[in-house]
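J.: Okay, handing you the structure first.
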Amino acid sequence: MPRGKRTRRITVAEVEHLAHWLAREHYTFDEPIPDFDTRFPHRLESCLYQPFQTYDRKSLYPRLIDKAAILFYLMIKNHPFQNGNKRIAMTTLQTFLLLNGKWLWIPNDEMYDITKLVASSPREISKEIVAALRKLIAKHIGDPPEQENDLS
């Protein structure tokens, strides 16, 4: 992303109409993902707002990678949905990055393994987990695919 360009937020509507839908369509496994309306009130909103928090007029998560890492972590750990949080976290992360002109080039099965590791991590090491996610995202972030069949 060019220097000085403001990071675009992902909205609740975008999570519903893009990320949640993609997870339901492409990552069903043996467990269905419940309807979007069954999410827990305010948890999703909290996950989406946290990456844009400031203190003393300074962003707590200044770079796109910082925002992406905390968003992904919170979507997994805060359980905004009754089921499918890891799968929805994956699609929310990709949607957020794509809205900001980037793509995370990690195969889906590897990404799901990462989500399971985050989900099983103790909250006491949350800062270390988020730091590891930042490094992972930095290593695998790139330009988005040019054609829709490149998305795998």
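Derivation of every value follows stated rules applied to the coordinates shown; laboratory data play no part. Quick caveat, the model's predicted, so the values are computed rather than measured. Positions of Cβ are generated from backbone atoms using ideal geometry, with glycine treated the same way; all protein chains shown enter the neighbour counts.
J.: Ala23 - would you say it is in contact (Cβ under 8 Å) with a residue 40 or more places away in the chain, touching a Phe, Trp or Tyr at 6+ places or on another chain (Cβ under 8 Å), within 23 Å of Asn108 (Cβ to Cβ) and not charged (D, E, K, R)?
T.: no
J.: Just to be sure I understand, how many residues within segment 1-50 are farther than 20 Å from Tyr73 by Cβ and polar (S, T, N, Q)?
T.: 2
J.: Moving to a separate point now. Quick check on my filter: what residues within segment 96-108 are farther than 16 Å from Glu45 by Cβ and assigned to a helix (DSSP H, G or I)?
T.: Leu97, Leu98, Leu99, Asn108
J.: Only residues that are of a type in the set (Lys, Arg) and more than 15 Å from Leu93 (Cα to Cα): list them for segment 49-70, please.
T.: Arg57, Lys58
J.: Can you tell me which residue among Ile65, Ile33, Ile10 is surrounded by 13 or more Cβ atoms within 10 Å (Cβ to Cβ), aliphatic (A, V, I, L, M) and either within 17 Å of Val130 (Cβ to Cβ) or in contact with a Pro (Cβ under 8 Å, 6 or more places away or on another chain) (or both)?
T.: Step by step, each of Ile65, Ile33, Ile10 is checked, and only Ile65 is surrounded by 13 or more Cβ atoms within 10 Å (Cβ to Cβ), aliphatic (A, V, I, L, M) and either within 17 Å of Val130 (Cβ to Cβ) or in contact with a Pro (Cβ under 8 Å, 6 or more places away or on another chain) (or both).
J.: Any idea which of (1) farther than 24 Å from Gly84 by Cβ; (2) outside any helix (DSSP H, G or I); (3) touching a residue at least 12 places away in the same chain (Cβ under 8 Å) is the one Glu146 doesn't satisfy?
T.: With (1) farther than 24 Å from Gly84 by Cβ; (2) outside any helix (DSSP H, G or I); (3) touching a residue at least 12 places away in the same chain (Cβ under 8 Å) applied to Glu146, the lone miss is (3).
J.: If you don't mind, there's one more thing I want to ask. With Ala19, Ala13 as the choices, which residue is of a type in the set (A, V, I, L, M) and touching a helix residue (DSSP H, G or I) at 6+ places or on another chain (Cβ under 6 Å)?
T.: That would be Ala19, the only listed residue that is of a type in the set (A, V, I, L, M) and touching a helix residue (DSSP H, G or I) at 6+ places or on another chain (Cβ under 6 Å).
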